[in-house]
Amino acid sequence: MRRKAVRGAIAAVAAVGILAGASACGLGGDSTGSASYAGGTVNIGVIYPKTGQYAEYGAMFQKGFELAKEQVNKEGGINGKTLGLKYFDTQSDAKQDAAVAPKIVADDSIIAVVGDYSSPASSAASPTFQQAGLVHYGFNNSAPTFTDTGDHVWTPQIGQDKYQKANADIVSKKAKKIAVVYIENDWGKQAYEYFKDEAEKNGTEITYTSSYLADSTDLSPILIKARDTKPDAVVNIGYGPDSALVVNTLRDKLGYTGLFFGGQETSEFLSNAGDNAEGTIITGSFSATGTKDSKAKKFVKAFNKKYGYNPGNFEVTAYQAIIDLAYGAGKTEPTRAGIQKALQTVTDFPLYQGNGGTFKFNQKTRRADNIEPILLKVKDGKFVQYDVD
C-alpha cells in the first residue's frame, strides 16, 4: 500500500479501536485448539474473510490453514506445544481489520498473525501489530510496499512488481495493441503502474485504460470504449469476481472475441465466467498438476484426500503460512519474540510454491527472496500450468 494509506490506517486504528470488543462479523474470534499458552497451546491469529464478498477466498484459506495445523500437531507440535488457530472474520475490510487488531494484540496466547486477503485490509491492522511487537505475516499480500509499516511485518508473497512483469511479458508475446482495465484501489492502481511500465518497455501499445469500482455491476460503459479501440487483447488487473464480470460483459454483451488476460485461480471465477474463461492466461505461484517438488506433491495428495479436490494458489499459500511460522518457531521458540527471531535468522523455510526447495527472507524488504511467478491457463474449464507456445 502507499505510505499515505499506511498513515491513514494508523488513524483508522485510533478511530475504531473501541470497537475491538464488539461482536461484529465474528470479530470476537473463533478458535480451533485455542487453550491458553500456559495450558500447553500456542495460537496463530487469523484475520480473513469468512463472510462478505471475498468469502470464497476465506474458505480456501481455511482449508490450507487447518491441514497445516493438523500436520504440525501430528508431528509433535512446536517444541512440545500444541498449535491452535484463532479466527477473526474481517470480511477483508480495512475498518474491521483495524478494529480487531487491538483484541488480537491483547491475547497473550497469540504468537503471530496471518492474513488478510487484500493488502488494503491487512495494512490497516499492521500498525497495531507493529507497535505491539507481534509478527504480521501477510501471506497473500502482494503490494510491494506492504512491509513498509515496520520490521514485524513480513510476507512470502510474490510482489506485484514481479507478477505484473510476468503478466506484461506474456501479453507482449500474444498482442501488440491492448486495452487495460483495473480495480480502483491502491493495490489495483499500483499493479497497473507496474504492468504499464513493463508493457512500455516491451513496445506494447495501450489503446485504452480505465479503472472501475470493486462493487460495480455494469462495466459496459468503459468496456465499450475498450472494445472500440480494436485491441488485440483486453487485460484485466483485479480479483476473481470482478474479472468474471469483465470477461462476461465483453463476450456476452459486447461481442468481443479477442484475447483476454485476467481472473484468478478460483472455482468462483471459473463457474461465473463459464466458457468465457477458456483460454484465459494469468500469473500464479503454484500448479498442483505441474509441480515437481516432492513435498509439494505430498501436500497435494494430503489436501486432495481431505477435501476432494486439488489445491490452487490460495490454498497452498495459506498452508505454507502456517508451516512457515511453525517451522521457524521450532528453530527458536514458540513465542512472539521467537517468531520474529526465526524470520530474521532461519534460511531454509520449506517452499511449496514455484519450483519448490527452500527460501529465506530478504532482511531489508522482509519478503521471500526466491519465489518466482508461473503462468496458468484455462483449458477445458480448469487452470493448468502454461508454458509459452
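The values are calculated or read from the model by the stated rules, or taken from the named source; none is laboratory data. Here the structure is a predicted model, which is why all the values come from computation and not from measurement. Glycine also receives a Cβ, built like all others from the backbone with ideal geometry; neighbour counts cover every protein chain displayed. These accessible areas exclude ligands, DNA and RNA; they are computed on the full protein's heavy atoms, side chains included. Shrake-Rupley method; radii C 1.70, N 1.55, O 1.52, S 1.80 Å.
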Point to revise | From the options Glu265, Glu278, residue that is over 24 Å from His136 (Cα atoms) and buried (at least 18 other Cβ atoms within 10 Å of the Cβ) | key: Glu265
Exercise for review: Working only within the stretch 51-67, note down all residues that are in contact with a Pro (Cβ under 7 Å, 6 or more places away or on another chain), part of a loop (DSSP other than H, G, I, E, B) and at pLDDT 95 or above.
Suggested key: none
Check your understanding: Which of the following residues is within 20 Å of Ala244 (Cα to Cα), of a type in the set (A, V, I, L, M, F, W, C) and more than 17 Å from the chain's Cα centre (by Cα): Ala175, Ala179, Ala191?
Key -> Ala179
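Among what's in the stretch 128-142 and is part of a helix (DSSP H, G or I) and not aliphatic (A, V, I, L, M), pick the residue that is surrounded by the most Cβ atoms within 10 Å (Cβ to Cβ). Walk me through it before giving the result.
Filtering the stretch 128-142 for residues part of a helix (DSSP H, G or I) gives 128-132.
Okay, now just the ones that are also not aliphatic (A, V, I, L, M), so 128-131.
On the way: Thr128: 28, Phe129: 26, Gln130: 19, Gln131: 16.
So, considering only residues that are part of a helix (DSSP H, G or I) and not aliphatic (A, V, I, L, M), the one surrounded by the most Cβ atoms within 10 Å (Cβ to Cβ) is Thr128.
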Review point. Counting just the residues of the stretch 225-241 that are part of a helix (DSSP H, G or I) and open to solvent by 10 Å² or more (accessible area, probe 1.4 Å), which one comes out farthest from Glu184 (Cα to Cα)?
Key: Asp228
Exercise for review: Scan the stretch 143-162 and give yes if some residue there is closer than 30 Å to Tyr194 by Cα, aromatic (Phe, Trp, Tyr), within 15 Å of the chain's Cα centre (by Cα) and open to solvent by less than 10 Å² (accessible area, probe 1.4 Å), otherwise no.
Suggested key: yes
Revision key, fill the gap. Condition set of a type in the set (Ser, Thr, Tyr) and touching a residue at least 40 places away in the same chain (Cβ under 8 Å), scope the stretch 358-389, selection farthest from Lys295 (Cα to Cα): answer is Thr365
Exercise for review: Could you please find all residues in the stretch 68-91 being over 16 Å from Tyr137 (Cβ atoms) and in a loop (DSSP other than H, G, I, E, B)?
Suggested key: Glu75, Gly76, Gly77, Asn79, Gly80, Gln91
**Study point:** Filter result (open to solvent by 10 Å² or more (accessible area, probe 1.4 Å) and touching a strand residue (DSSP E or B) at 6+ places or on another chain (Cβ under 7 Å)) within the stretch 73-87
**Key:** Asn73, Gly77, Lys81, Thr82, Lys86
Exercise for review: Read through the list (1) touching a helix residue (DSSP H, G or I) at 6+ places or on another chain (Cβ under 8 Å); (2) open to solvent by less than 10 Å² (accessible area, probe 1.4 Å); (3) of a type in the set (Val, Ile, Thr), then give the number of the only condition that Thr283 fails.
Suggested key: (2)
Study note, to complete from the structure: Given (1) out of contact with any strand residue (DSSP E or B) (no Cβ under 8 Å at 6 or more places or on another chain); (2) under 28 Å from Thr41 (Cα atoms), Gly357 misses just (2)
Practice item. Have a look at Ala288, Ala318 and point out the one that is in contact with a helix residue (DSSP H, G or I) (Cβ under 8 Å, 6 or more places away or on another chain), closer than 30 Å to Val388 by Cα and open to solvent by 10 Å² or more (accessible area, probe 1.4 Å). Key: Ala288
Check your understanding: Under the condition of being in contact with a strand residue (DSSP E or B) (Cβ under 7 Å, 6 or more places away or on another chain) and touching a residue at least 60 places away in the same chain (Cβ under 8 Å), which residue from the stretch 239-254 is nearest to Ser142 (Cα to Cα)?
Key -> Tyr239
Practice item. Mind listing just one residue for me: the one in the stretch 29-50 that is among the polar types (S, T, N, Q) and at pLDDT below 95 and, of those, surrounded by the most Cβ atoms within 10 Å (Cβ to Cβ)? Key: Ser34
Check your understanding: List the pairs whose first member sits in the stretch 51-72 and is surrounded by fewer than 17 Cβ atoms within 10 Å (Cβ to Cβ), whose second member is in a helix (DSSP H, G or I), and whose Cβ atoms are under 8 Å apart, counting only residues at least 6 apart or on separate chains?
Key -> Thr51/Gly58; Gln53/Pro241
Point to revise | Residue check for Gln353: over 19 Å from the mean Cα position of the chain (by Cα) and in contact (Cβ under 8 Å) with a residue 60 or more places away in the chain | key: no
Review point. Restricted to the stretch 166-193, and to residues that are within 17 Å of Leu375 (Cβ to Cβ) and not hydrophobic (A, V, I, L, M, F, W, C), which residue is least open to solvent (accessible area, probe 1.4 Å)?
Key: Asn167
Practice item. Mind listing whichever residues of the stretch 169-224 are aliphatic (A, V, I, L, M), over 21 Å from Lys253 (Cα atoms) and either part of a helix (DSSP H, G or I) or without any contact (Cβ under 8 Å) to a residue 40 or more places away in the chain (or both)? Key: Ile170, Val171, Ala191, Ala199, Ile206
